[in-house]
Amino acid sequence: MNSDSDLQIAGDILEVPHLLQAPREHPATVAEFVGLARSIAADRDRWRDLVRYDATTRWYHRLAVGPGYEVWLLSWVPGQGTGPHDHGPSSGVLTVLEGTLTERTDRGARALESGAQRVFAPGYAHEVVNDALGPAVSLHVYFPGLTEMPLHDAARCAGAEREPSAPTVPSTPSVPSAPYEAVGAVNA
């Protein structure tokens, strides 16, 4: 039997502290890392004034570090790219903040416009290039933090070896429109 008195007898479930999970201070799942990237992307005041453009190389800045992850901000002028590479044992999330970047894999090329996100697992090989006429800015979250970025033969990102495709995460309206080299070298 359900009645108002049933609630009074059981009490309010939200007032039972041992049944509530404490919010995590840092992300621990792929979905939480995607959420972290989206929240940073939406907070333009956090990153916009840090962006610099360098005609000789991609510019990068480590924006945040947490237990087991790091966040990089990169800028790309037209023509700059990473070369074919993977991220060693790191997984990641690439978010395009401004402009358009092209990701090349063994499955072809894909334009990533502002707001696009890519999620990838360890060993995922790709090349990211600014093929557009204007600059681009991207945010990269690596977990664990990026320790290596092995370079590959260009054929690896042109169809010679098959890699599973990294999923594209749909962009959200909250992501503003507008480092691969980051550790000595980030897709999301």
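Some points to look at:
- Listed by position, the strands (runs of 3 or more DSSP E) inside the range 57-118 whose residues that are under 17 Å from VAL34 (Cα atoms) and modelled with pLDDT of 95 or more number at least 2 are 59-66, 69-76, 91-98, 108-113.
- When TRP47 is tested against (1) in contact with a Leu (Cβ under 6 Å, 6 or more places away or on another chain); (2) open to solvent by 40 Å² or more (accessible area, probe 1.4 Å); (3) not in a strand (DSSP E or B), exactly one condition is not met: (2).
- Unique match (being of a type outside the set (Lys, Arg) and either under 25 Å from VAL65 (Cβ atoms) or open to solvent by 40 Å² or more (accessible area, probe 1.4 Å) (or both)) among ALA125, ALA111: ALA111
- A Cβ distance below 7 Å, combined with a sequence gap of six or more or placement on separate chains, defines the contacts here; from the range 36-48, residues that are within 15 Å of GLY66 (Cα to Cα) and of a type in the set (A, V, I, L, M, F, W, C) reach residues that are part of a helix (DSSP H, G or I) and open to solvent by 60 Å² or more (accessible area, probe 1.4 Å) in the pairs ILE40/ARG46.
- Filtered by the rule that a residue be of a type in the set (D, E, K, R), surrounded by fewer than 19 Cβ atoms within 10 Å (Cβ to Cβ) and closer than 14 Å to TYR142 by Cα, the range 50-97 gives a lone residue, ARG62.
- Scope the range 22-41; condition open to solvent by 50 Å² or more (accessible area, probe 1.4 Å) and closer than 30 Å to LEU133 by Cα; matching residues: ARG38, SER39
The values are calculated or read from the model by the stated rules, or taken from the named source; none is laboratory data. No experiment lies behind these values; they were computed from the predicted model shown. Glycine also receives a Cβ, built like all others from the backbone with ideal geometry; neighbour counts cover every protein chain displayed. Just so you know, the surface numbers come from the protein's heavy atoms only, side chains and all, with ligands and any DNA or RNA stripped out. Shrake-Rupley method; radii C 1.70, N 1.55, O 1.52, S 1.80 Å.
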